[in-house]
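These notes are about the structure you will find just below.
The values are calculated or read from the model by the stated rules, or taken from the named source; none is laboratory data. The structure displayed is predicted, hence computed values, not measured ones. Glycine gets a Cβ as well: all are built from the backbone with ideal geometry, and neighbour counts include every protein chain shown. Surface accessibility is based on the protein's heavy atoms, side chains included, excluding ligands, DNA and RNA. Shrake-Rupley method; radii C 1.70, N 1.55, O 1.52, S 1.80 Å.
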Amino acid sequence: MKVGTRALLVEVGSDAEVQSLHAEVLRRRAAGAMPTVGEIVPAARTVLLDGLDDPAALARDIAGWHVTEQAADEGALVEVPTRYDGADLAGVAAHWQVSEDDVVKIHSSAEFRVAFCGFAPGFGYLTGLPERYDVPRLATPRSSVPAGSVALAGKYTGVYPRSSPGGWQLIGRTDLVLWDPAREPAALFTPGTRVRFVPVDR
């Protein structure tokens with residue numbers, strides 16, 4: 001779908017397809033095998049390609065691409081030291097019908113991938129838990145969630161890069177700096193990054 005005169009919005013069926021298409025665009029751009037594109041912005045079910053000279057031509061081209069599933073070990077790995085002591089840990093354990101220690105084991109044994117970013121600078125939406133571990137958002141969002149909070153909502157895990165309102169369920173916290181404008185790149189989590197949460201003493 002054309003968006004304005006210089007952008008193309010590609011719609012797909014799942015976040016896994018978004019990750020694969022995003023990786024394919026990056027591969028083709030690095031190899032010089034596609035037209036110049038200014039920005040590549042993945043979301044939950046779309047990939048926006050902006051800064052194009054001819055969006056319609058690229059749309060026809062993409063329709064013929066064979067996009068392979070992204071390999072599990074592709075992408076940089078970030079380890080997140082996490083104290084699993086969040087205010088909603090007991091509630092998540094009850095929702096999953098497991099113990100709090102089991103929540104820690106389940107969450108820390110999964111390998112996550114940043115599907116897309118949004119909400120706030122440095123906030124990544126991470127996928128990696130099986131569907132049975134989806135959790136609802138809080139009925140009433142908190143007015144302030146501390147920076148570094150590790151949280152769950154729906155099928156996603158996220159880490160709040162700064163203090164802000166939020167309705168996700170808090171299961172832990174980390175001291176990692178998720179967003180630093182003086183760093184290159186400023187965001188620790190970028191689309192495609194692999195993430196593991198490493199338990200530390202509560």
Assess whether V159 counts as being open to solvent by 40 Å² or more (accessible area, probe 1.4 Å) and either closer than 19 Å to A76 by Cα or under 14 Å from the mean Cα position of the chain (by Cα) (or both).
no
Those strands (runs of 3 or more DSSP E) completely within the range 123-200 that have 1 or more residues that are under 13 Å from F112 (Cβ atoms) and modelled with pLDDT of 95 or more are 124-127, 149-153, 156-159, 194-200
Of P181, P136, P130, the only residue that is farther than 22 Å from R45 by Cβ and open to solvent by 10 Å² or more (accessible area, probe 1.4 Å) is P181
The correct count of residues that are assigned to a loop (DSSP other than H, G, I, E, B) and either among the hydrophobic types (A, V, I, L, M, F, W, C) or crowded, with 19+ Cβ neighbours inside 10 Å (or both) in the range 89-122 is 5
Scanning the range 58-77 residue by residue, those within 13 Å of L9 (Cα to Cα) and open to solvent by less than 70 Å² (accessible area, probe 1.4 Å) turn out to be L58, A59, I62
Scanning the range 1-31 for residues that are among the aliphatic types (A, V, I, L, M) and open to solvent by less than 50 Å² (accessible area, probe 1.4 Å) gives A7, L8, L9, V10, V12, V18, L21, A23, V25
Screening V37, V80, V41, V47 for residues that are crowded, with 16+ Cβ neighbours inside 10 Å, among the aliphatic types (A, V, I, L, M) and in a loop (DSSP other than H, G, I, E, B) leaves only V37
